[in-house]
1. Pick out, from region 111-206, the strands (runs of 3 or more DSSP E) lying fully within it that include 3 or more residues that are more than 21 Å from residue 244 (Cβ to Cβ) and touching a strand residue (DSSP E or B) at 6+ places or on another chain (Cβ under 9 Å).
2. Of the conditions (1) closer than 13 Å to residue 140 by Cα; (2) more than 17 Å from the chain's Cα centre (by Cα); (3) among the acidic types (Asp, Glu), residue 175 satisfies every one except a single condition; which number is it?
3. Considering only region 331-372, give the strands (runs of 3 or more DSSP E) lying wholly within it that have at least 2 residues that are under 16 Å from the mean Cα position of the chain (by Cα), of a type in the set (Phe, Trp, Tyr) and within 19 Å of residue 34 (Cα to Cα).
4. For region 28-43, which positions are assigned to a loop (DSSP other than H, G, I, E, B), over 17 Å from residue 110 (Cβ atoms) and either at pLDDT below 95 or among the hydrophobic types (A, V, I, L, M, F, W, C) (or both)?
5. Can you tell me which of 172, 136 is surrounded by fewer than 21 Cβ atoms within 10 Å (Cβ to Cβ) and more than 28 Å from residue 64 (Cα to Cα)?
6. How many of the residues making up region 255-271 are crowded, with 22+ Cβ neighbours inside 10 Å and in a strand (DSSP E or B)?
7. Taking only region 210-243 into account, find how many residues are assigned to a strand (DSSP E or B) and free of Cβ contacts under 8 Å to residues at least 40 places away in the same chain.
8. Just to be sure I understand, how many residues within region 44-83 are closer than 14 Å to residue 105 by Cβ, among the charged types (D, E, K, R) and in a loop (DSSP other than H, G, I, E, B)?
Amino acid sequence: MKKFVSYALLCLVTAGAGHAADAAWNGGNGASAGAVFVATNDAKRNEVVMYARSATGVLKYVGTFETGGRGEGGINDPLQAESSLLLSPDHHYLLAVNAGSSTVSVFAVYSNGLRLLDTASTQGGNPVSVTMHDDLVYVANVGGTYHTAGFRLQPWGELEFIQNSKQPLSGLDTEPGAIAFSPDGTKLIVTERQTSKIDVFTVAANGSLSNPVVNTAQGIEPFGAAFAPAGALLVSEAGSGAVSSYAVNADNSLSVITSKSPSSGAATCWVIAGGSYAYATSAVTGSVSGYKLGGGGDLTALGIVLTQPGTQAAIFPPVGVTSFPLDLQITPDNQFLYVVYSALGQVIGYKVSAGGKLTEVTSVSPYVAQIGVEGLAVY
């Protein structure tokens with residue numbers, strides 16, 4: 001394990017966003033209520049771009065920080081996975097996968113920047129998704145014989161590999177789309193895009209995994225995965241254009257709660273749950289769909305709640321290509337939703353209102369349109 005530590009003092013970096021942006025920030029009382037992070041996934045040098053978030057949801061540039069690894073590069077959605085960038089629940093650490101160098105990075109999070117603590121091998125090729133529960137960290141690798149690898153996050157920020165954490169999925173070419181811990185940390189799930197399977201592992205006290213129970217998904221090409229507050233598993237289905245919800249049983253089988261609730265969009269790939277609502281992005285149709293989330297994990301489709309942003313530039317994207325909404329995240333208080341639009345080079349923030357309605361409150365451009373950006377984390 002190779003460790004990278006920056007001992008330089010962190011300082012606030014500002015980006016001359018103009019008087020209009022400053023006015024909007026000051027309208028939010030000029031104080032940071034949280035932050036938004038996006039990874040560039042650059043093939044030569046992966047970086048994380050950080051924005052401070054005001055109480056009204058407005059974003060202000062803080063700085064750009066190298067992960068110590070390489071991304072995948074490409075154009076729109078090269079990783080084809082959810083959760084390639086992740087905040088710890090206490091917001092003290094930020095985790096980023098480096099698909100090009102088969103590593104995962106750990107940052108310490110401060111109000112005015114990030115400090116790189118460690119960059120560790122993921123014990124396999126092409127990591128695309130990362131999850132965390134307490135001090136346990138797991139990644140999903142696309143390449144290699146084994147597709148999971150687990151670590152203990154040490155108090156000083158170093159990742160310590162867990163023996164017997166490397167497990168295969170149902171086959172070699174399954175193309176995992178997401179890895180996620182259950183809310184209590186006793187189960188680990190991985191979606192298989194290529195086979196339309198969902199693997200469920202039991203997590204032992206020492207952090208190792210059981211052999212997986214392989215479940216058949218309700219829809220075609222299960223992609224993203226998110227757990228609702230009450231514990232139901234939500235899975236987006238790229239091939240079906242829908243979202244299904246499941247109960248995770250003690251024997252690692254899945255019981256269907258809602259089957260293929262429609263998104264009204266094509267290539268429904270990323271899903272997030274927050275409070276009484278869930279949202280999913282559909283890259284091909286450039287839309288975001290909403291769902292009313294019941295206490296038992298049942299989903300009621302609200303239809304498309306966002307179409308392609310009106311800020312679309314004349315030449316980006318080209319004719320016939322959508323704005324390509326990818327990752328999306330909701331703030332811990334469920335008040336704001338942020339979406340990465342790959343083909344626009346933008347992150348746009350929305351206020352969540354009654355009935356799941358979304359109203360734009362901020363827009364920033366952290367990267368060049370149509371590069372292979374991947375990953376979003378928010379608090």
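The values are calculated or read from the model by the stated rules, or taken from the named source; none is laboratory data. Keep in mind that what you see is a predicted model, and the values were worked out from it rather than measured. Quick reminder, even Gly has a Cβ in these numbers, built from the backbone with ideal geometry, and neighbours come from all protein chains shown.
1. Of the strands (runs of 3 or more DSSP E) lying wholly inside region 111-206, those with at least 3 residues that are more than 21 Å from residue 244 (Cβ to Cβ) and touching a strand residue (DSSP E or B) at 6+ places or on another chain (Cβ under 9 Å) span 113-121, 127-133, 136-141, 148-153, 159-161.
2. Result: residue 175 fails condition (2) only.
3. Details: elements: 336-341, 346-352, 358-364.
Of the strands (runs of 3 or more DSSP E) lying wholly inside region 331-372, those with at least 2 residues that are under 16 Å from the mean Cα position of the chain (by Cα), of a type in the set (Phe, Trp, Tyr) and within 19 Å of residue 34 (Cα to Cα) span 336-341.
4. Taking region 28-43 first, the residues assigned to a loop (DSSP other than H, G, I, E, B) are 28-31, 40-43.
Those still in the list that are over 17 Å from residue 110 (Cβ atoms) too: 28-30, 40-43.
Result: 28, 29, 30, 43.
5. Numbers: 136 fails: more than 28 Å from residue 64 (Cα to Cα).
Residue meeting the stated conditions: 172.
6. Number satisfying all stated conditions: 6.
7. Taking region 210-243 as the starting set, the residues that turn out to be assigned to a strand (DSSP E or B) are 213-216, 222-227, 233-237, 242-243.
The next check asks that each one be free of Cβ contacts under 8 Å to residues at least 40 places away in the same chain; those that pass are 215-216, 237, 242.
Within region 210-243, residues that are assigned to a strand (DSSP E or B) and free of Cβ contacts under 8 Å to residues at least 40 places away in the same chain number 4.
8. Total satisfying the criteria: 2.
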